[in-house]
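Each reported figure results from applying straightforward, stated rules to the coordinates on display, with no laboratory input. Quantities reported herein were computed from a predicted structural model and do not represent experimental measurements. Here Cβ is always computed from backbone atoms with ideal geometry, including for glycine, and neighbour counts include all displayed protein chains.
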Amino acid sequence: MSGTFLSVLLFGFLLGIKHAIEPDHVIAVSTIASESKNIKRSTFAGIYWGIGHTATLFIFGMVMIVAKNTITDMLAMSLEFLVGVMLVTLGMSSLHKVVPHKHKHSHSHETSNGKSRPQLKSFFIGFIHGLAGSAAMVLLTMSTVSTVWEGALYILIFGFGTVVGMLSFSTIIGLPFVLTSGKQINRKLNNVAGIISILFGLYYMYNLGVNEGLFSLWFS
């Protein structure tokens, strides 16, 4: 393995960290972190997001690279639009998650069933984000490496960077929610996270549909 390719892999790792903290990624994981009652769960939310994101990028990215195929602009933007729908859905779920008179019940439910749900939810969200970013990942990979195996390694290293980046962020963003767990301000923080997710999701869909021309492609 040449020194040049090692430099490319290092660059891919750093790009992965940067990619993890893009606004739509951060907001999505923040809504999950807002449900955390301890730092461990918040950290694992970031890890599972990164794993889901990497899995999609690798599977779909490699299929397109090997087949020497790309997806259409309409399909690529439609997948991105799905991210906006997901953000709105996550925000609405967060707003309805905590109700004062059911606090004891929800806490008990989390203890009995919450161990796997946040991780699976994070994995699914990461999967959707990876699906939406596959086209860009293929273009980036094909412009960076020369062989299929180099492309596979590059995507995996990039994915590892996203895991590291989101692990770090989800741990930090989870702290306010963990420290205020069981207090009235915790519900307010949850509501803020939900509202931000909804507003950004609506903006995300509007920008793709109107400014980027997705609606015109759909109905032309």
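Could you line up Arg187, Arg41 from fewest to most neighbouring Cβ atoms inside 10 Å?
Ranking Arg187, Arg41 by Cβ neighbours within 10 Å, fewest first, gives Arg187, Arg41.
Taking the Cα centroid of region 145-178 and of region 1-22, what is the distance between the two, rounded to the nearest whole Å?
Taking the Cα centre of region 1-22 as reference, the centre of region 145-178 is 10 Å away.
Explain nothing, just compute: Karplus ³J(HN,Hα) = 6.51 cos²θ - 1.76 cosθ + 1.60, θ = phi - 60°, for every residue of region 72-81 in order, whole Hz, x for Gly and Pro.
5, 4, 5, 5, 4, 6, 5, 5, 5, 4
Roughly speaking, what is the stretch gain from Ser216 to Met92, that is 0.36 nm per residue apart minus the C-alpha to C-alpha distance, in nm to one decimal?
Going from the current span to full extension adds 41.9 nm.
Tell me what the chain gives for mean residue ellipticity at 222 nm when only DSSP H runs of n ≥ 4 count, each as -39,500 (n - 2.57), the sum divided by the residue total, rounded to 500 deg cm²/dmol.
So the calculated ellipticity at 222 nm is -28000 deg cm²/dmol.
Quick check on the exposure proxy: order Lys37, Lys188 from fewest to most C-beta atoms within 10 angstrom.
By the 10 Å Cβ count, ascending, the order reads Lys188, Lys37.
How long is the gain from Phe11 to Thr72 if the chain were fully straight, where each residue apart is worth 0.36 nm and the alpha carbon distance is subtracted?
Here the segment from Phe11 to Thr72 would lengthen by 19.2 nm.
Would you kindly derive the ³J(HN,Hα) couplings of region 202-217 from the backbone phi angles with the Karplus curve 6.51 cos²θ - 1.76 cosθ + 1.60 (θ = phi - 60°), listing them in order in whole Hz, with x for Gly and Pro?
5, 4, 4, 5, 4, 4, 5, x, 9, 5, 8, x, 5, 4, 5, 5
Given Lys37/Lys121; Lys18/Lys68; Lys37/Lys188; Lys40/Lys121; Lys18/Lys183, which pairs have Cα atoms separated by over 22 Å?
Check vs 22 Å cut-off fails for Lys18/Lys68; Lys18/Lys183.
So what J values fall out for region 155-160 if you push phi through Karplus, 6.51 cos²θ - 1.76 cosθ + 1.60 with θ = phi - 60°, rounded to Hz, Gly and Pro as x?
For region 155-160, the Karplus-derived couplings read 5, 5, 5, 4, x, 4 Hz, x marking Gly and Pro.
Counting other C-beta atoms within 10 Å, which of Thr180, Thr31, Thr141 has the fewest, and how do the rest follow?
By the 10 Å Cβ count, ascending, the order reads Thr180, Thr141, Thr31.
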